Amino acid sequence: MPINPQTLAAARNGTATREQLAELLSLTDPADIAELHAAAYATKKETVGTVVHFRGIVEFSNVCVKDCLYCGIRKSNTAVERFTMTEDEIVEAALWAFESEYGSIVIQGGERQDAPFVDFIERALLRIKKESGGKLGVTLSLGEQSLETFQRWYAAGAHRYLLRIESSNRELYQTLHPETHTYDERIAALSDLRTAGYQVGTGVMIGFPGQTALDLADDVLFFRDQDIDMIGMGPYIVHEQTPMAATATEDFDGEANLDLGLKMIAVTRLVLRDVNIAAATALQALNPTGRELGLQAGANIIMPNITETKYRSAYQLYNGKPCLDENSTMCRGCLQRRIDSIGETIGFNQWGDSPHFAKRTSK
Ligand code: SAH
Ligand code: SF4
């Protein structure tokens, strides 16, 4: 079935129903998909432009108190060797990013709420801010925390936070998590992030068992209704040492998940317009040019890995994570070539904040 011009127009002008968004997410004809991507790219040009912003990502620890059923570093996976980078190593990686003109970093890791951990992150943030003269932008991705912790880390210099809802459908959320990880707590954490003043990022996993195109359409409407500033979402990929592998492995279709991931980027760009959208590394795990395809489908952010090479193999959330044996300098050169190849430029030394955030806070 060819793409319906009314459906595309409705997505663009914010009047699309969940059924119409699901229709776009269900396109299969390559020409139709190309048209969807081109429409999203036109919206991207109009709203955020074609400058790609980098967030160097430091995956500093795989110690986690949670047991998400899909994740390779979940607490119950005893096959993982646990590590936590030192404060010096984190600061060093951050300063490497700063000197490489990346503009911003993301500090990501397993979830912990204990007081020594909260202090540790606070100290690292204060040092990064001081040693970069306040110039390096910092995003955190450290799971659910109390409002007080979010506030302390904000005061120490972090100004964006990524916390995926994983699925906006309450029942599906529960199929992805043990009973003790609740949907309501996740929603409350997203609201606390906003209260604390962060640019709030969320996202979902795309293509996990039981999820339909209508669920994904609802996810896009959830991002809109929550007035989200940044989107970080990516295809679900099986990790064999997880409970979900038992049900997900047989039907896992990497190519289909990549296509769906790209369609989600395009539909999200059409509907949300001026938010930052990351081309997730998981796209590249499924296709060597996955992140460039993400940019061409409407994403405007890339998160190059700046973790020291020796730690990379222990931070495997899913199978087939790319660039495990590369170092950060190699990643920089490789990305520059990839971005040149699609005719975009890199916003070196800029924070590249979400224009949506600027608008919602100036109201
Ligand atoms: N502990 C933090 C940050 C690290 S996990 C948190 O959970 O927010 C970051 C993201 O990795 C998660 O939000 C999840 O969406 C993604 N992830 C984990 N396992 C995955 C898998 N098997 N496939 C794709 N994405 C996965
Ligand atoms: Fe921990 Fe995040 Fe993995 Fe869940 S997704 S187990 S919180 S690292």
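The values are calculated or read from the model by the stated rules, or taken from the named source; none is laboratory data. Values in this document were obtained by computation on a predicted structure and should not be read as measured data. Cβ sites come from the backbone with ideal geometry, for glycine too, and all protein chains shown count toward neighbours.
For the reader, a short list of remarks on this structure follows.
- Residue within region 129-137 that is closer than 20 Å to Ile57 by Cβ, out of contact with any strand residue (DSSP E or B) (no Cβ under 8 Å at 6 or more places or on another chain) and surrounded by 17 or more Cβ atoms within 10 Å (Cβ to Cβ) present: yes
- Selection within region 128-140 - without any contact (Cβ under 8 Å) to a residue 60 or more places away in the chain and not in a loop (DSSP other than H, G, I, E, B): Ile128, Lys129, Lys130, Glu131, Val138, Leu140
- Residue match in region 263-275 (condition: within 21 Å of Asp353 (Cβ to Cβ), modelled with pLDDT under 95, surrounded by 22 or more Cβ atoms within 10 Å (Cβ to Cβ) and away from ligand 2 (no atom under 16 Å from the Cβ)): no
- Lone unmet requirement of (1) outside any helix (DSSP H, G or I); (2) closer than 30 Å to Thr47 by Cβ for Gly320: (2)
- Set side by side, the residues Thr175, Thr212, Thr182 differ, and just one is without any contact (Cβ under 8 Å) to a residue 12 or more places away in the chain, among the polar types (S, T, N, Q) and more than 28 Å from Ala358 (Cβ to Cβ), which is Thr182.
- Sole residue being within 16 Å of ligand 1 (Cβ to nearest atom) and touching a Leu at 6+ places or on another chain (Cβ under 7 Å), chosen from Ile33, Ile105: Ile105
- So Ala299, is it in a loop (DSSP other than H, G, I, E, B), touching a strand residue (DSSP E or B) at 6+ places or on another chain (Cβ under 6 Å), buried (at least 24 other Cβ atoms within 10 Å of the Cβ) and at pLDDT 95 or above: yes
- Exactly one residue out of Glu240, Glu255 is out of contact with any strand residue (DSSP E or B) (no Cβ under 6 Å at 6 or more places or on another chain), touching a residue at least 12 places away in the same chain (Cβ under 8 Å) and part of a loop (DSSP other than H, G, I, E, B): that is Glu240.
- Scanning region 215-250 for residues that are under 18 Å from His356 (Cα atoms), in contact with a Phe, Trp or Tyr (Cβ under 9 Å, 6 or more places away or on another chain) and among the β-branched types (Val, Ile, Thr) turns up Ile228, Ile231.
- Matching residues, region 315-363, being loosely packed, with under 14 Cβ neighbours inside 10 Å, over 15 Å from Pro288 (Cβ atoms) and among the small types (Gly, Ala, Ser): Gly333, Gly343, Ala358, Ser362
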